[in-house]
Amino acid sequence: MHFTLTWRRWRNTDNANAIIGIVRYIPYVACVISLKIYVMMLLVHKRDYAPDYADYDDYAARLGGERQAASRVDPTTTTTAEPEDPFWDEKQRILSRLNDTVLQPSAFNRTPDTIWLFYNRIPRTAGQTVVSLLKSLSGDLDYQHQEHVYRTPWQRLMSEEEQKNLATWFEYNFWPKTYDRFSLFINFTEHRSPYVKLRPAYMTLARDPVDKFISYFRFKRVDSERVKTEMSARERQQPGTGRKWYWKKLEDCVLKEDPECEFREGSETYISAIPFLCGQHDYCLKHGNLWALQKAKFHAEYEYSVIGLVEHWNTTLAVLEHFLPSFFQGVQQRYWEAGFQDKRTVNKNPKKYKPVSETVLKILKDKMALEYELYEFLKQRLHQQFDSIADLLKLPTTKIHSRSTEKAALSSWDRMDIELRH
């Protein structure tokens, strides 16, 4: 009895309440710490296994020490084929002689059986509009969209460990997920765990190379954060150069062969479509590299479900809806809804510019010859995919080779040019 009274008196004291409160939370804290340690161990653990996807090419190693050398694999060696990939043998034959192969686009649906979508955004290709559509559709289609949080300046080119970590991130998302990021192509088949059979489906958008470059040149001088960063860096190096860069005219930049508009062969580019489709290889970044163009075509044809084109917007929406219904079902109707109008006008450049001269346009097109070869490849593939579903959609096929022809064919419902005002 005495002990019980003593215990009750002590329980009513402030010190006792504080101690008991702490003790109650100890199991919860221990569980959280244990889970965090377990996840961190998974992320840093280096998995030793033979990749399912052999990366054949004619180059022996990457230039950077931190990125893994591209392997020179004999196609006669044994490689475990993926049972769910019916194109495995064809892909290996092409990769083994990539530089000597004339790649042709097709209408095949390359979408794997998956609950994830990876959208590696290319700058100035209506990316914000696509992200708005993914967010808007996610509630209806029961998936979650994850926007990438940018903390470092060049996360487009990633180390091997960063690529593995991203593959692991997908593997631990058991709910359908879409993810967008300004990233070069990542081979998730190579970096996934040996016990995981799923990989994300790939999609992205491209744009007329010259139009995209002009838009990017002007956008850098409109976006306030980018302007501050660029001008500050230049002013620290040499006073006055920041203001000179800001007031630089596109025509002067091209005609005077300014480094910003020079496009020297072998120089690195982080905004063109070729490196974004080619992948995490140093040669992918080299302007004018024929191997990079071939690898970009290969990935476009054999890895991507859909690569849309900004100039062929409604064709893109139709193909996305049919080839990726888990993530884009109803996208055409959603895009043209009155409630989505404000989201369609995001990221506009408010400035008005004079038309670029034909001389400057010709110079830029000549310098971007390989970019235009890829663009034509993507255009043929997109319209072949559209033609393959035209009967289902009860729409006319689009044997289209120019933007003006497409406007005539789809004039009643194609107004994406509104999005392209500089």
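The values are calculated or read from the model by the stated rules, or taken from the named source; none is laboratory data. Just so it is clear, the structure is predicted and the values come from calculations on it, not from any experiment. Cβ placement follows ideal geometry from the backbone for every residue including glycine, while neighbour counts extend to all protein chains displayed.
Quick check on F170: is it more than 20 Å from the chain's Cα centre (by Cα), at pLDDT below 95 and in the same structural domain as H281 (by TED's automatic domain parsing)? Write out each step before concluding.
Values: more than 20 Å from the chain's Cα centre (by Cα): no; at pLDDT below 95: yes; in the same structural domain as H281 (by TED's automatic domain parsing): yes.
Judged against the criteria, F170 is not a match.
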(request) Give V210, V227, V222, V196 a once-over and let me know the one that is in a loop (DSSP other than H, G, I, E, B) and over 30 Å from D142 (Cβ atoms). (result) V222
(message) Testing V306 on (1) under 25 Å from P176 (Cβ atoms); (2) assigned to a helix (DSSP H, G or I), one condition comes back false. Which one is that?
(response) (2)
(request) Kindly indicate the residue of segment 274-290 that is in contact with a helix residue (DSSP H, G or I) (Cβ under 6 Å, 6 or more places away or on another chain) and among the hydrophobic types (A, V, I, L, M, F, W, C) and also surrounded by the most Cβ atoms within 10 Å (Cβ to Cβ) among those meeting that condition. (result) L277
(request) From L137, L117, L103, L133, grab the single residue that is in the same structural domain as H299 (by TED's automatic domain parsing), in a strand (DSSP E or B) and surrounded by 15 or more Cβ atoms within 10 Å (Cβ to Cβ). (result) L117
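Rundown of residues vs (1) closer than 29 Å to Q380 by Cβ; (2) in contact with a helix residue (DSSP H, G or I) (Cβ under 8 Å, 6 or more places away or on another chain); (3) surrounded by fewer than 16 Cβ atoms within 10 Å (Cβ to Cβ), yes/no style:
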{"position": "H148", "(1), (2), (3)": "no, no, yes"}
{"position": "L157", "(1), (2), (3)": "yes, yes, no"}
{"position": "R181", "(1), (2), (3)": "yes, no, no"}
{"position": "R192", "(1), (2), (3)": "no, yes, no"}
{"position": "Y195", "(1), (2), (3)": "no, no, yes"}
{"position": "Q237", "(1), (2), (3)": "no, no, yes"}
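Residues that are out of contact with any Lys or Arg (no Cβ under 6 Å at 6 or more places or on another chain), surrounded by fewer than 12 Cβ atoms within 10 Å (Cβ to Cβ) and either at pLDDT below 85 or in the same structural domain as L277 (by TED's automatic domain parsing) (or both): does segment 378-388 have at least one?
Looking through segment 378-388, none of the residues is out of contact with any Lys or Arg (no Cβ under 6 Å at 6 or more places or on another chain), surrounded by fewer than 12 Cβ atoms within 10 Å (Cβ to Cβ) and either at pLDDT below 85 or in the same structural domain as L277 (by TED's automatic domain parsing) (or both).
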(message) Can you find, within segment 317-351, the residue that is farthest from P112 (Cα to Cα) among those that are outside any helix (DSSP H, G or I) and at pLDDT below 80?
(response) K351
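Select from segment 207-232 the residues that are in contact with a His (Cβ under 9 Å, 6 or more places away or on another chain) and not acidic (D, E) and write down the one among them that is farthest from K367 (Cα to Cα). Before the answer, list the steps.
The initial filter retains those residues of segment 207-232 that are in contact with a His (Cβ under 9 Å, 6 or more places away or on another chain), namely 211, 214-215, 218-219.
If we keep only those that are not acidic (D, E) too, we end up with 214-215, 218-219.
Numbers: I214: 14, S215: 17, R218: 19, F219: 21 Å.
Here the residue is F219.
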(request) Output the residues belonging to segment 118-167 that are modelled with pLDDT under 95 and under 15 Å from E190 (Cβ atoms). (result) M158, S159, E160, E161, E162, Q163, K164, N165, L166, A167
